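Colleague: Sharing a structure here in structure tokens format.
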Amino acid sequence: MRSPRAWIESVLESGSSEARRPVLDKHNQSNVKGLYIVGDLAGAPVIKLAMAQAAEVVEYLAAQPGLGPSGPGAPGEASSREPGSDDPPAVVDLLIVGAGAAGLNAALSAQEAGLSFVVLEKERIASTIDDFPEGKWVYAEPDDLPPRGKLWLDGARKEELVARWHQIVEDNGLDVRLREPLESLERRDGVFHATTSAGTYRARRVILATGQRGNPRKLGVPGEDLEQVYHRLYSPRRYRDEEILVVGGGNSAVEAALTLAERNRVVLSYRRGELTRIFKDNRRQLDEAVSAGRIELIFHSEVREFRPGEAVMTIDRAGQREERTVRADHAFVLIGAELPVGFLRSLGIRLENDWRGGSLLRALALGAAALVGLWFLGPAVGGPAPLGGAFGTGGTVGSAAGGLLALAAVLLLVRLGVRGDRWAWLGLSFVIWYSVYGIKVGKGSELWPFRGWGYSSLSFLDRSWAFWYTVLYTVLMTVFGLQAMKRWGIDRRDRFQIWRYTSLLSFQWVFFFIVPEFLFQWAVKYRWVGEALASDPRFADQAWRAYGIVYAWPLFFYTWFYDPHQIWVIWGIVLTFGLIPLLVLFHGKRYCSWICGCGGLAETFGDRWRHLAPKGKRAKRLEAMGLVILAFAVVATALMLFRDARGWYQAADRSVGLYRILVDVWLVGILPVTLYPFLGGKVWCRYWCPLAKMMELTSRLATRLGWSRFHIVANDKCIACNECSRNCQVGIDVMQYALRQETLDNATSSCIGCGVCVTVCPMDTLSFDPRASRRGAPEIRSASPGEHSAAR
Ligand SMILES: Cc1cc2nc3c(=O)[nH]c(=O)nc-3n(C[C@H](O)[C@H](O)[C@H](O)COP(=O)(O)OP(=O)(O)OC[C@H]3O[C@@H](n4cnc5c(N)ncnc54)[C@H](O)[C@@H]3O)c2cc1C
Ligand code: SF4
Ligand code: SF4
């Protein structure tokens, strides 16, 4: 059984495990000074973007002092030292690793800028693209972006594209060292020393453009290095009348099986019970081949060993394990590619979500020490003496010691965090947000250790902490919201995202700040609401209800409690049971990503961690927690509404008290914000918000009845780059829908309509507009089953 720590770690890592990236600054420099990363490896999912990144980085480097014709070493001097030779190789400006789209464009840009360089290539020029299935059409997306740099790019068959690139390399005399993979890299005295099988190179800067595809994933079973086992399929038509085993469940495995089955007997083995990430067309062809007996498809099967001419596998048949040996003159293990984590780490490169060691217990102890320290500090700012003042704990010495303890614990957490201890950051994040929300609970009812002093010490300028908290919230949302608007909207020229962030920030400023904190009071004071309302305490003295203008029950849980004026009662009913369902009908759960202030901080401050949202089936199952909270809200509301009539005083008061502390303080406040940097921003909205769950259920019903207008559709251009799934902040595997060209809606997902998957898709595959699914590029589709290829 897994330890609790391993379980927590698996949840924390599920978000980024499939598409990990190196940590880079805005110029694509890694944590290793002078080492830049471009292309697929740096998150540019298509050729045009990989080329653009490479050109930008070289442009930036060419403008730096110490490189170029003015720097030591001149263009064309690149040389390697043969093993055994004593002469040091010449120092070049750039060592470019990888001769794919990014590497070649970097080389051409460097040549143009007068920088000396050498390109190392593990295999062949453009080997990733060269490995695409025969005749595959390569799109030059995004359409609206002109290609940058001198490398040729247009929509073309892969053969034409690769031939053109070979010609360009030759015409420009690019120094590309083929079949010379980079093996190790060291930085000494500001110069990189690179080692390959052929010798060593010295360079002032390194550009890593090694892509993600060159590292086929392996099964790691005995016999996998036998001659009959391959991790790529180059020429499927070479095989005839043979027994072939294909292992895998993505498009590359399915396409290989289909092509090989034309002339051979093929077994397709997959470890799961369903093929979820394959193209619709592949699915159809596979079903046909299986029914016609051309392919034997074995689900729940795992190869345990390869032996000459055969493979041994175990098959799980409804819990019964069966061993089977299948003939395999050739075996193709096509289970995707993986990031060369070991290689990157050996170069000293840090990856995102990459933590080193650390201790959960130590972080808990330090977090607790910080809070104990604050407890002892309390009396210095008007708080009660801890331990009833025993041992002088209410005096100056006790307070000073408490302050020092809190400071030391916080500094230690920061120090450990900087060294790569994830738990230390988690502990620090908890201390901060526990304090913020634990104090906001209210004067006199603050959480320990702030009880009796926290609220008043943070209330100043005649305003309470609740007000300053709203100010802080709005400022954080605005600062980070403008950054997010730039990231998704302005930089990508995406009007949808610009409108979305404008909407979110406007709702926050107007309905969650100005109206409840100022306008309502002025409306009462200056009698704008009329004499009757202004002098009715049920209206005038309950400014907090103004938050309920936009917040609907059960998010605004107190809508009908505590003697509301009938205006609020009626508005609460209209909003919750009229306007929200109407909105849901047309826009699904967009309330969460366009309107709501609770989700607003997640969409802005939490946005930079959106790719860390937990993914996978287990993460999805946990969404059922929202149902429990919704049921709790319904029961507690019913108890309160019938409290007086039925005499349910104790049960009603207790359930509301529990709801208040559990949901309003812990689940909305402390926990989600603490977890933003670890699980992305949408923890509350996705897992616990009862309004989100209510909207989801409504939207599901509307979708099933065919009334819903909300859905995301996909055309047939998906290249399985995973960008959409990576950036979905509620952990939806959008790519799975795109590959199968299935409609994504609230019948099967908890999508909140933020549209970021649509925004980031480099192939314009996804759209909210149903007509777009028909806008693929059918005229260039080949009839060959090998047209599309690998799902990662
Ligand atoms: C199935 C599929 C379909 C696609 N279709 C399209 C499309 O239609 N249009 C589009 O724009 N994009 C498409 N792409 C994406 C496109 O292939 C990538 O965006 C592009 O190849 C990235 O270029 P790159 O230079 O970053 O990496 P790569 O093209 O992968 O090049 C990396 C190079 O580095 C070399 N290398 C690796 N390790 C080392 C080492 N240690 N030392 C030396 N060299 C090394 C590799 O051999 C390789 O040649 C598709 C991808 C896939 C998988
Ligand atoms: S599926 Fe797309 S629109 Fe829906 S929540 Fe995820 S990223 Fe946003
Ligand atoms: S739909 Fe998703 S996986 Fe497919 S190309 Fe677009 S972003 Fe990539």
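The values are calculated or read from the model by the stated rules, or taken from the named source; none is laboratory data. This one's a predicted model, so the numbers in the text were calculated from it and none came from an experiment. Note that we place each Cβ from the backbone using ideal geometry, even for glycine, and neighbour counts take in every protein chain shown. For accessibility, only protein heavy atoms count, side chains too; no ligands or nucleic acids. Shrake-Rupley method; radii C 1.70, N 1.55, O 1.52, S 1.80 Å.
Colleague: Once you have the alpha carbon radius of gyration of the range 586-741, what is it after dividing by 2.2 N^0.38 Å, with N set to its residue count?
Modeller: Working: Rg = 18.0 Å, N = 156, 2.2 N^0.38 = 15.0 Å.
Against the empirical 2.2 N^0.38 Å value, I get 1.20 for the range 586-741.
Colleague: If the cut-off is 24 Å between C-alpha atoms, which lysines fall inside it for residue 280, apart from same-chain ones fewer than 8 positions away?
Modeller: 136, 158, 615, 617, 620, 717
Colleague: Starting at the first residue of the range 111-123, write each ³J(HN,Hα) from the Karplus equation 6.51 cos²θ - 1.76 cosθ + 1.60 with θ = phi - 60°, in whole Hz, x for Gly and Pro.
Modeller: Using θ = phi - 60°, the values come out as 4, 5, 7, x, 8, 7, 7, 9, 10, 9, 10, 5, 10 Hz.
Colleague: Now for a different question. What is the range 357-515 by shape, rounded, prolate or oblate, if you read a ≥ b ≥ c off the alpha carbon gyration tensor as root eigenvalues and call it rounded for a/c under 1.5, prolate for a/b larger than b/c, and oblate otherwise? Before the final figure, lay out the partial values.
Modeller: Working: a/c = 3.63, a/b = 1.56, b/c = 2.32.
Taking the square roots of the gyration eigenvalues as a ≥ b ≥ c, the range 357-515 is oblate.
Colleague: Turning to a different aspect of this structure: Mind listing the Cα extents of the range 523-576 along all three principal axes, in Å, largest one first?
Modeller: Principal extents (Cα only, largest first): 31, 19, 16 Å.
Colleague: For the range 685-702 and the range 292-370, compute the distance between their C-alpha centroids and round to whole Å.
Modeller: Here the two parts' Cα centres lie 35 Å apart.
Colleague: Expected output is a single nm value to one decimal: the length gained when fully extending between residue 535 and residue 407, i.e. 0.36 nm times separation in residues minus the C-alpha distance. What is it? Each step should come with its number before you reach the end.
Modeller: On the way: separation 128, 0.36 × 128 = 46.08 nm, distance 4.92 nm.
The span from residue 535 to residue 407 would gain 41.2 nm if fully extended.
Colleague: Same structure again: Using only the Cα atoms, what convex hull volume per residue in Å³ does the chain have? Working shown, then result.
Modeller: Values: hull volume 174.4 nm³, N = 792.
Residue-normalised Cα hull volume stands at 220 Å³.
Colleague: What is the set of long-range amide H partners of residue 305 at a cut-off below 5 Å, with H atoms built 1.01 Å from backbone N?
Modeller: Answer set, sorted by chain and number: 312.
Colleague: If pairing requires two Cys Cβ atoms under 4.7 Å apart, which cysteines of the chain are left without a partner?
Modeller: Within the chain, the cysteines lacking a partner Cβ under 4.7 Å are 592, 596, 598, 685, 689, 718, 721, 728, 751, 754, 761.
Colleague: Calculated FRET efficiency, residue 569 and residue 471, Cβ-Cβ r, R0 25 Å, to nearest 0.05? Don't jump to the answer; show the numbers that get you there.
Modeller: Values: r = 30 Å, r/R0 = 1.20.
So the FRET efficiency works out to roughly 0.25.
Colleague: Need one word for the range 128-190: rounded, prolate or oblate. Basis is the Cα gyration tensor (sqrt eigenvalues a ≥ b ≥ c); a/c below 1.5 gives rounded, then a/b vs b/c decides. Don't skip to the answer; put the middle values down first.
Modeller: On the way: a/c = 1.99, a/b = 1.71, b/c = 1.16.
It is prolate, given that a/c is not under 1.5 and a/b is the larger ratio.
Colleague: Under a 5 Å amide H to amide H cut-off, with H placed in plane at 1.01 Å, what residues pair with residue 767 once short-range neighbours are removed?
Modeller: Residues meeting the criterion, in which the H sits 1.01 Å from N, are 713.
Colleague: Within 10 Å of each candidate Cβ there may be at most 10 other Cβ atoms; applying that plus a DSSP loop requirement, which GluC sites (Glu not before Pro) in the range 252-324 survive?
Modeller: Those that pass, being in a loop and sparsely packed, are 274.
Colleague: At each listed q (0.14, 0.22, 0.26, 0.28 Å⁻¹), what is the log10 of I(q)/I(0) that the Debye formula gives for the range 194-245 modelled as equal alpha-carbon point scatterers?
Modeller: Results for the range 194-245 at q = 0.14, 0.22, 0.26, 0.28 Å⁻¹ read -0.68, -1.01, -1.15, -1.20.
Colleague: Which value, in Å to one decimal place, does the Kirkwood hydrodynamic radius take for the range 487-627 when every pair of different Cα atoms is included? The partial results should precede the final answer.
Modeller: Values: mean 1/r = 0.0578 Å⁻¹.
Computed over Cα pairs of the range 487-627, the Kirkwood hydrodynamic radius comes out at 17.3 Å.
Colleague: By how many degrees, 0 to 90 and rounded to 10, does the Cα axis of helix 360-377 deviate from the longest principal axis of the chain?
Modeller: With both axes taken from Cα atoms, the answer is about 30 degrees.
Colleague: In addition: Using bins 5 angstrom wide from zero, how does P(r) for the range 269-364 break down, in % of all Cα pairs?
Modeller: The distribution over the range 269-364 is 2, 9, 13, 15, 14, 12, 10, 11, 8, 4, 2, 1, 0, given as percents.
Colleague: Also, I was wondering about something else. Give me the accessible area per residue for the range 548-589, probe 1.4 Å, as a whole number in Å². Walk me through the numbers on the way to the answer.
Modeller: Values: 1790 Å² over 42 residues.
In whole numbers, the range 548-589 has 43 Å² accessible per residue.
Colleague: Sticking with this structure for a sec: Given H placed 1.01 Å from N in the peptide plane, which residues other than close sequence neighbours of residue 177 have an amide H under 5 Å from its amide H?
Modeller: Amide H neighbours of residue 177, under 5 Å, 5+ apart: 119, 120, 121.
Colleague: Separate question: Over the chain, what is the relative contact order in percent, taking alpha-carbon pairs closer than 8 angstrom and at least six residues apart?
Modeller: 12
Colleague: Counting DSSP beta bridges with both partners in the chain, what percentage is antiparallel, nearest 5? Don't jump to the answer; show the numbers that get you there.
Modeller: Numbers: 35 of 65 bridges.
Within the chain, antiparallel bridges account for around 55 percent of the total.
Colleague: Can you show me the helix-derived [θ] at 222 nm for the chain, built from DSSP H runs with n ≥ 4 at -39,500 (n - 2.57) apiece and divided by the number of residues, rounded to the nearest 500. It would help to have the intermediate numbers written out before the result.
Modeller: Working: 29 runs with 300 residues, N = 792.
Taken over the chain, the calculation gives -11000 deg cm²/dmol.
Colleague: Compute the acute angle (0 to 90°) between the alpha-carbon long axis of helix 649-659 and the principal axis of greatest extent of the alpha-carbon atoms of the chain; round to the nearest 10°.
Modeller: With rounding to tens, the tilt is 40 degrees.
Colleague: Could you please report the charge total around residue 529, scoring K, R as +1 and D, E as -1 over all other residues with beta-carbon less than 14 angstrom from its beta-carbon? Intermediate values should be presented prior to the final figure.
Modeller: Working: positive: 525, 527, 538, 545; negative: 531, 536, 541.
Taking every Cβ under 14 Å from that of residue 529, the sum is +1.
Colleague: In whole Å, what is the distance between the alpha-carbon centres of the range 239-291 and the range 462-491?
Modeller: Between the Cα centre of the range 239-291 and that of the range 462-491, the gap is 51 Å.
Colleague: Further question on the same structure: Could you go through the range 617-631 in sequence order and give the Karplus-derived ³J(HN,Hα) for each residue, using 6.51 cos²θ - 1.76 cosθ + 1.60 with θ = phi - 60°, rounded to whole Hz, and x for Gly and Pro?
Modeller: In residue order, the calculated couplings are 5, 5, 4, 6, 4, 5, 5, 5, 4, x, 5, 5, 5, 4, 4 Hz.
Colleague: Of the peptides 648-661, 49-62, how do they stack up when ordered by the mean number of other Cβ atoms within 10 Å, highest first?
Modeller: 49-62, 648-661
Colleague: Of the options 558, 594, 576, report the single residue whose Cα projects farthest towards the positive end of the charge dipole of the chain (beta-carbon charges: Lys, Arg +1; Asp, Glu -1).
Modeller: 558
Colleague: Another question about this same structure. Calculate, in whole percent, how much of the Cα-Cα pair population of the range 187-339 lies beyond 20 Å.
Modeller: Working: 6380 of 11628 pairs.
I get 55 percent for the Cα pairs in the range 187-339 exceeding 20 Å.
Colleague: How large is ³J(HN,Hα) for each residue in the range 418-435, as worked out from phi by the Karplus curve 6.51 cos²θ - 1.76 cosθ + 1.60 (θ = phi - 60°), to whole Hz, x for Gly and Pro?
Modeller: Whole-Hz 3J(HN,Hα) from phi for the range 418-435: 4, 7, x, 8, 4, 5, 5, 5, 4, x, 5, 4, 5, 4, 5, 6, 5, 5.
Colleague: Now, a different point. Take the alpha-carbon centre of the range 378-393, take the same for the range 401-436, and report the distance between them in whole Å.
Modeller: Cα centroid to Cα centroid, the span is 23 Å.
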